[in-house]
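Heads up: the structure comes next, in structure tokens.
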Amino acid sequence: MRLTLLTIAALSLVVWLFYYGYAPLSTEETVVVVLACSVLVLAGRWAGRWLRRLWQRVRHGR
Amino acid sequence: MRVVLAARCLARLLALAALLLTGPVAAAAATLVCTPDRPVVRPGESVVLRAWTDVPDVRPRFQWSVEAGRVDGIGNEVSWLLAGVRQSPIPYRAEVRLLAANRPTLDCQLRVFVAPPGYDPLAGMRGGREAGRALLPPGQKEAEGYGLYSYLLFGVPPNAATLERYEAAVAAHLRMIPHLATLDRYLEPKALNAVYLPVVTLPPESSTVTTAWTLEHYDYARARALISALPGTLRSGPYLVSTLQPLGRAASPPQHLLIQDLASVPPDLVELWVREFLNQAAQEQFWRQDTAAALALRMRTTIARLAIGLPEINTAFERLGMPDIPTTIAGLINWRTVDR
């Protein structure tokens with residue numbers, strides 16, 4: 001939980017800072033950035049878990 | 001497993017042995033390096049040639065010879081005088097020979113191009129074409145001789161939904177691009193990007209050109225005629241277009257073309273797109289878009305477009321009695337954690 005939140009916060013900050021140079025982001029745009037980063041991190045975690053399971057299956061020949 | 005480990009150890013030992021054997025030999029081999037101070041010169045100019053060596057001789061002798069022109073000076077740094085040498089697409093050759101005591105002679109060759117008299121070595125390093133804006137009234141054609149021709153085109157008159165975007169495009173155009181007439185005083189036409197805006201009439205004074213005046217007097221019919229010279233279906237706009245030849249005189253679709261479609265760009269970000277367009281149009285190969293910059297700008301635009309609908313989504317959530325978006329995210333994270 002803590003790691004997920006930290007990852008989301010860090011990724012959101014990086015994206016937010018990157019785009020702040022283009023044009024300052026409004027509150028709504030910041031929410032969109034956080035939302036997009038949350039989806040990315042959660043999807044990444046899910047994909048990681050799925051790949052690990054797949055690898056274990058391949059390793060054990062099942 | 002043991003076989004693999006043994007093979008790895010053997011490979012490492014062989015690599016170490018090769019390093020130990022070749023190291024001293026490489027250090028013992030003498031080197032002679034030579035270079036001109038620039039690779040291209042104009043006829044009649046001279047170029048400085050330099051040579052370096054690691055031969056441990058107190059006074060090594062450098063013997064220079066050239067294919068055309070003559071050499072002035074002695075030692076490892078000389079001048080190659082190219083007076084009377086004609087321009088050629090094939091480079092001229094110079095050679096230096098190192099004569100050192102108790103050493104085999106070493107040779108080094110270098111080549112220099114002699115360019116046409118009008119060659120400007122800094123031409124490719126400059127910032128590119130400078131954009132200047134001008135109005136295009138009926139009956140007047142684009143002036144000839146400019147390096148690039150650009151247009152701010154609106155496919156249709158604005159409606160309530162698009163007016164703000166149109167205003168932002170014209171405001172950015174007026175603010176970011178200086179008058180073409182003022183730039184003409186300082187720069188060659190070839191170094192200019194003439195950005196035209198079709199209008200139905202000219203203003204009484206140039207100071208009266210405002211966003212409101214421009215939109216009021218914009219020539220939508222001429223804009224459609226200019227758009228018809230472009231490939232594809234461009235219906236709404238704003239569009240920023242760049243070509244090498246004036247669109248008004250183009251018999252066929254231009255070979256090299258840059259089109260920025262601002263039709264779905266939120267008004268707040270229009271200026272960013274205009275800036276990106278000007279940067280792109282300033283490039284020598286303006287039709288080749290910088291993929292990284294374009295992707296970053298598109299992502300930024302997507303964020304802004306998604307954000308436009310966010311308050312409505314939140315309101316809809318509230319009406320349905322559902323938690324708002326931040327609470328939903330927190331719930332989702334909790335659910336994923338508990339699920340694990």
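The values are calculated or read from the model by the stated rules, or taken from the named source; none is laboratory data. Given the structure is predicted, the values throughout are model-derived calculations rather than measurements. Cβ: placed from backbone, ideal geometry, glycine included. Neighbour counts: every protein chain shown.
Values for this structure:
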item: Selection within region B:38-61 - over 23 Å from B:PHE113 (Cβ atoms) and in contact with a strand residue (DSSP E or B) (Cβ under 6 Å, 6 or more places away or on another chain); result: B:THR53, B:PRO60, B:ARG61
item: Considering residues of region A:1-21 that are touching a residue at least 12 places away in the same chain (Cβ under 8 Å) and more than 9 Å from every other protein chain (Cβ to nearest Cβ) only, the residue farthest from the chain's Cα centre (by Cα); result: A:TRP16
item: Residue ID - surrounded by the fewest Cβ atoms within 10 Å (Cβ to Cβ), chosen from residues in region B:266-299 that are within 9 Å of another protein chain (Cβ to nearest Cβ) and in contact with a Leu (Cβ under 7 Å, 6 or more places away or on another chain); result: B:LEU272
item: Boolean, A:ARG59 is within 11 Å of chain B (Cβ to nearest Cβ), at negative phi and among the basic types (Lys, Arg); result: no
item: Total residues in region B:118-142, condition modelled with pLDDT of 90 or more, among the aliphatic types (A, V, I, L, M) and in a loop (DSSP other than H, G, I, E, B); result: 0
item: Single match in A:ARG45, A:ARG49 (criterion: buried (at least 16 other Cβ atoms within 10 Å of the Cβ), over 30 Å from B:TRP273 (Cα atoms), at the interface with chain B (Cβ under 9 Å from one of its Cβ atoms) and charged (D, E, K, R)); result: A:ARG45
item: Members of region B:132-185 found to be of a type in the set (Phe, Trp, Tyr) and within 22 Å of B:PRO266 (Cβ to Cβ), listed by number; result: B:PHE154, B:TYR166
item: Flag if A:ARG59 is modelled with pLDDT of 85 or more, surrounded by fewer than 12 Cβ atoms within 10 Å (Cβ to Cβ), more than 19 Å from B:LEU310 (Cα to Cα) and not small (Gly, Ala, Ser); result: yes
item: Single residue of region B:300-324 satisfying the filter (surrounded by fewer than 16 Cβ atoms within 10 Å (Cβ to Cβ) and at the interface with chain A (Cβ under 8 Å from one of its Cβ atoms)) that is nearest to the chain's Cα centre (by Cα); result: B:ILE308
item: Criterion violated by B:THR243 - all others in (1) touching a Phe, Trp or Tyr at 6+ places or on another chain (Cβ under 7 Å); (2) surrounded by fewer than 11 Cβ atoms within 10 Å (Cβ to Cβ) satisfied; result: (2)
item: Condition met for B:TYR149 (more than 22 Å from B:THR301 (Cβ to Cβ), aromatic (Phe, Trp, Tyr) and part of a strand (DSSP E or B)); result: yes
item: Among (1) more than 8 Å from chain B (Cβ to nearest Cβ); (2) of a type outside the set (A, V, I, L, M); (3) under 29 Å from B:GLU271 (Cβ atoms); (4) surrounded by 15 or more Cβ atoms within 10 Å (Cβ to Cβ) - the single one A:PRO24 does not satisfy; result: (4)
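Listed here are the residues, each with its yes/no results for (1) surrounded by fewer than 11 Cβ atoms within 10 Å (Cβ to Cβ); (2) at pLDDT 85 or above.
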residue: B:ALA18; (1), (2): yes, no
residue: B:THR31; (1), (2): no, no
residue: B:GLY69; (1), (2): no, yes
residue: B:LEU106; (1), (2): no, yes
